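For reference, the structure discussed in these notes is given below.
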Amino acid sequence: MDGVYESELEAAREAALEAGAIIERLRRSGVRYGRKAGRELVSEADLEAAALLERRLLGAFPGDGWLSEEHRDSPARLRAARTWVVDPIDGTREYLQGIPEYAVSIALVVGGEPVVGVVHNPATGELFAAACCGAEERPPTEPTGQPFEALVGRGEHAWDDLPPLPEGTIVRPVGSVAYRLALLARGEGNATLTGFGRAEWDVAAGVALCRAAGLRVTGVLGDPLTFNQPRPIVRGLLAAEPGLHARLTRFFAQFVRE
């Protein structure tokens, strides 16, 4: 699949780096913040980065749809053949706290699937980027019963809001879910999961990265994920190599009651 979505991937990389520079400049100078109607944190860095990303990506691909945490949603995206799904800062709380576990998250969704993913952590300088169109899962390798490391949300870990996990699981809290998925795709840890609903812009880019790395990504019970939905929410998430993924979906299924 060489060359497929190459220009989109390069544009997303460049836009993510530009947005990251804005985010870090404002953090150094003293960023202002407030809360949205739903009480979620939002900073001026979120808003400035969101405006930059929209200009860069829709400027390069004006026919595409747009879905972003910091923009008013429009049903026009549902009619678009392709839609950018963007979070200018995934992990705003960590950003404001100075914890280097936040990220710019950019995905291109085609036919309900994220085909391009870019995640950039401007605090560490890490840039993760991949196109996953036509990517195949790696062969299952995880032996049953083997201990593994799960990357989980800081809040879920702190408040003991994680779903039950197999005995011996090593739990590593990481702030941004986009960053967690990117780390997993790079080979850090063995799984990442959440039992909570997540906005599409939180996870779409990370899903693309994991699938490009041959990992399996679904809902917690193995249900398929579809993006650019009218209500852009993913109800839970599980990402791992196929053997471990199968083990975990079987484990979680025992808690479901008909």
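The values are calculated or read from the model by the stated rules, or taken from the named source; none is laboratory data. None of these values were measured; they are calculated from a predicted model. Every residue, glycine as well, gets a Cβ built from its backbone with ideal geometry; the counts of neighbours run over all protein chains shown.
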Task: Residue count for the stretch 129-151, restricted to those that are at pLDDT 90 or above and either closer than 10 Å to residue 208 by Cβ or loosely packed, with under 14 Cβ neighbours inside 10 Å (or both) - done: 3
TODO: Inspect the stretch 28-45 for any residue being over 27 Å from residue 211 (Cα atoms) and among the polar types (S, T, N, Q) and give the result as yes or no.
DONE: yes
Open item on the list: Quick check on my filter: what residues within the stretch 81-95 are under 14 Å from the mean Cα position of the chain (by Cα) and among the hydrophobic types (A, V, I, L, M, F, W, C)?
Closed with: 84, 85, 86, 89
Task: Within the stretch 93-113, considering residues that are closer than 23 Å to residue 30 by Cβ and out of contact with any helix residue (DSSP H, G or I) (no Cβ under 6 Å at 6 or more places or on another chain), the one surrounded by the fewest Cβ atoms within 10 Å (Cβ to Cβ) - done: 98
Open item on the list: Suppose the filter is at pLDDT below 95, over 23 Å from residue 229 (Cβ atoms) and buried (at least 21 other Cβ atoms within 10 Å of the Cβ); does residue 45 pass it?
Closed with: yes
Open item on the list: So, in the stretch 92-125, exactly how many residues are touching a His at 6+ places or on another chain (Cβ under 7 Å) and either assigned to a loop (DSSP other than H, G, I, E, B) or of a type in the set (D, E, K, R) (or both)?
Closed with: 0
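Yes/no matrix, rows are residues, columns are (1) of a type in the set (Ser, Thr, Tyr); (2) in contact with a Gly (Cβ under 9 Å, 6 or more places away or on another chain); (3) modelled with pLDDT under 85; (4) under 18 Å from residue 11 (Cα atoms):
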site	(1), (2), (3), (4)
25	no, no, no, no
29	yes, no, yes, no
32	no, no, yes, no
39	no, no, yes, no
56	no, no, no, yes
60	no, no, no, yes
63	no, no, no, yes
Task: Scope the stretch 172-208; condition basic (Lys, Arg), surrounded by fewer than 23 Cβ atoms within 10 Å (Cβ to Cβ) and either part of a helix (DSSP H, G or I) or more than 11 Å from the chain's Cα centre (by Cα) (or both); matching residues - done: 172, 186
Open item on the list: Under 6 Å between Cβ atoms, which residue pairs at least 6 apart in sequence (or on different chains) link something in the stretch 139-159 that is within 20 Å of residue 217 (Cα to Cα) with a partner that is in a loop (DSSP other than H, G, I, E, B) and modelled with pLDDT under 85?
Closed with: 152/162; 156/162
Open item on the list: of a type in the set (Val, Ile, Thr) and surrounded by fewer than 23 Cβ atoms within 10 Å (Cβ to Cβ): is that true of residue 249 in this structure?
Closed with: yes
Open item on the list: Suppose we filter the stretch 219-234 for residues that are surrounded by 14 or more Cβ atoms within 10 Å (Cβ to Cβ) and farther than 23 Å from residue 81 by Cα; how many remain?
Closed with: 4
Task: Unmet criterion (only one of (1) surrounded by fewer than 16 Cβ atoms within 10 Å (Cβ to Cβ); (2) closer than 24 Å to residue 229 by Cα) for residue 167 - done: (2)
